[in-house]
């Protein structure tokens, strides 16, 4: 949980909030900014806030340090103001704890009137957006306000758990679908390979079956060919019929194979006596 506050004014109060959040079971995170740092700290703040589930901001009287140039999206804002604005932009929950001017803040040099005016305007904007706010004037009141956040924080934790469970379930579903698809593709490849093998074997089996039958019954011949193919390929003959591998297109291809097979068979038969005669003459 990120704690946002002006370090020079509310460092002690921020530590109290951190201790209370730790007591509630949350890990507090913050960034010390005193205005003496070199470079732009916004990228550092973004990295820390992105890793947190929410932001608790102590809205005091001090403006605090600011970037050297106005922010492109939020305009002229202090680093502390930027922390809450960026968190809200990222869709994170932000709790604002308004610090009363009588709160025992850490001693610090007064800010220029210009900066105090900018902070006062920021407080007014937040108070107009936040329907219920109570300025905190004591340490005890601050601690009590953080403890009152327990229900909101618990609700946030439950929603995060539900989100994590949902993501886990989605991942399991994706893995199952991918596995199912891969198995289906593997089975399809095996099936296609068997069907192709069946097409290749069909001419030989067709000629063999026709040669063993005396009656001319094409339907019976095809049924017997299906049965022989199914036995040879380890496939249910019904599957061969359902796939219609011998549709008109396949039938044309098969007929061509049958013709070539028969021609080869006739050539072998006619060549066999010639070879026998030659052997006898020798």
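For residue 114, the test of being assigned to a helix (DSSP H, G or I) and within 33 Å of the chain's Cα centre (by Cα) is failed.
Rundown of residues vs (1) modelled with pLDDT under 95; (2) not in a helix (DSSP H, G or I), yes/no style:
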{"position": "14", "(1), (2)": "no, no"}
{"position": "44", "(1), (2)": "yes, no"}
{"position": "57", "(1), (2)": "no, yes"}
{"position": "68", "(1), (2)": "yes, yes"}
{"position": "81", "(1), (2)": "no, no"}
{"position": "91", "(1), (2)": "yes, yes"}
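Among the conditions (1) at pLDDT below 70; (2) assigned to a helix (DSSP H, G or I), the only one that residue 144 does not satisfy is (1). Answer yes or no as to whether residue 40 is in a loop (DSSP other than H, G, I, E, B) and more than 15 Å from residue 145 (Cβ to Cβ). Answer is yes for this residue.
Could you say which residue among 73, 83 is under 33 Å from the mean Cα position of the chain (by Cα), at negative phi and in contact (Cβ under 8 Å) with a residue 60 or more places away in the chain? None of the other options fit; the residue is 83. Filtering the stretch 96-114 to residues that are buried (at least 17 other Cβ atoms within 10 Å of the Cβ) and within 22 Å of residue 29 (Cα to Cα) leaves 96, 97, 98, 99, 105. The set of residues from the stretch 67-83 being more than 15 Å from residue 33 (Cα to Cα) and surrounded by 15 or more Cβ atoms within 10 Å (Cβ to Cβ) comprises just one member, 71.
Of 160, 153, 170, all but one fail to be under 30 Å from residue 94 (Cα atoms) and modelled with pLDDT of 70 or more; the exception is 170.
The values are calculated or read from the model by the stated rules, or taken from the named source; none is laboratory data. None of these values were measured; they are calculated from a predicted model. Cβ coordinates were reconstructed from backbone atoms using ideal geometry, including for glycine residues, and neighbour counts include every protein chain displayed.
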